[in-house]
Amino acid sequence: MQKVQIKIINASSNQLPDYATEGSSGMDIRANLTEPIILKSLERQLIPTGIFVELPVGYEIQVRPRSGLAIKQGITCLNSPGTVDADYRGELKVILINLSNEPVTVHHGDRIAQMVLQKVEQADWIPVNVINETKRGEGGFGHTGKQ
């Protein structure tokens, strides 16, 4: 598997984002908090990580929910996947929401999301009056049925 060199500043006391297993595509990212945050039912908050990155042009980081948090505690990320562009230099923050009926406490160092590095390309639009037809055509949003 190809590895990409990425400059990172870790302004937190947490370890660097890391892969939980050899085959993981997402790196766990942790909360950088001075005190715990309680997320009430249906409440959302922006959680800081203390992480700053310099991505090479042609790459992005996608911030995604952690499946264990989602199924066990009802915690997920809004704006998912969140996009970190190559020219962004601010702190990485994660929008968490509590979809459960119970309050959930987020502590410093908790793994709150995962980051996936993706190669991206930019589009060069070619204005036209007609585009090619396909068998699918304009069918979308469930047009193939439930089964």
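All of the numbers you see were taken from the coordinates with simple rules; none came from a lab. Here the structure is a predicted model, which means the values were calculated and not measured. FYI the Cβ positions are ideal-geometry reconstructions off the backbone, even for glycines, and counts take in every protein chain you see.
A compact table of results
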{"item": "Read-out Kirkwood radius over Cα pairs in Å, derived from the coordinates shown; its label in (1) 15.2; (2) 16.7; (3) 17.6", "result": "(3)"}
{"item": "Links that overshoot a 27 Å alpha carbon limit, given the list K7/K119; K40/K119; K7/K93; K7/K72; K72/K93; K40/K93", "result": "K40/K119; K7/K72"}
{"item": "Sorted peptide list for 57-64, 108-115, criterion being average Cβ within 10 angstrom, highest first", "result": "108-115, 57-64"}
{"item": "Label-point separation in nm, F141 to Y19, each point 7 Å along Cα→Cβ", "result": "3.9"}
{"item": "Difference of contour (0.36 nm per residue) and Cα-Cα distance, Q118 to K40", "result": "24.8 nm"}
{"item": "For segment 19-29, Karplus couplings with θ = phi - 60° (6.51, -1.76, 1.60), whole Hz, Gly/Pro x", "result": "8, 5, 9, 4, x, 5, 9, x, 9, 6, 10"}
{"item": "GNM result for the chain, Cα springs below 10 Å: residue of D85, D28, D124 fluctuating most strongly", "result": "D124"}
{"item": "Residue-wise HN-Hα coupling along segment 59-68, computed from phi with Karplus coefficients 6.51, -1.76, 1.60 (Hz; x: Gly, Pro)", "result": "10, 9, 10, 9, 9, 10, x, 8, 5, x"}
{"item": "Mean residue ellipticity (222 nm) of the chain, computed from DSSP H runs ≥ 4 via -39,500 (n - 2.57), nearest 500", "result": "-1000 deg cm²/dmol"}
{"item": "Calculated from backbone phi, Karplus (6.51, -1.76, 1.60) coupling profile of segment 34-43 in Hz, x at Gly/Pro", "result": "8, 8, x, 10, 9, 9, 6, 3, 6, 8"}
